[in-house]
Amino acid sequence: MRCRSLVVIRKHCSPKGSPRSIFSLKPFHRLSTDDFLKDWQVNVGGAIHALQSALPALKASGKASVVLFSTIAVAQGMPFHASIAAAKGALEALARSLAAEWAPTIRVNVIAPSLTDGTRCSRWGKPKTVSPCSTSSSTITVNS
């Protein structure tokens, strides 16, 4: 399939191009309000900024799609994931709202993969198994 327009926004990458962790996994009692706010700002605030910036191009394409990345910790609950799960849960709610608002011209979807090999940890899933789900014609992918 030939893409007419593909915009990929990657945040918080190391100089070598591999993603670095932008959230800390801590027990709830060790999380501060600032930890929750940082995760919200990076994940939800970052998506809002990217989507508002891309909206004119998405509308102009006539048939675009948005793919946002969440985490399985939202649906399954995982220890030490309270802050990131709260932020990604908000991101999923934003996606549902935008899907209803922008339909049928712009599709909005969320991918919530399990643990992936973003840090070369071979016992987890590989990004190449997730990435085909995130590419289509006129797609903006926000990887927070």
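Just so it is clear, none of the values below were taken in a lab; they were calculated from the coordinates. Fair warning: this is a prediction, and the values are worked out from it, not measured in the lab.
See the values below:
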{"quantity": "Amide H within-cut-off set for residue 65, under 5 Å, with H built and near neighbours excluded", "calculated": "107, 139, 140"}
{"quantity": "Cut-off under 5 Å, modelled amide H: who pairs with residue 80 long-range", "calculated": "28"}
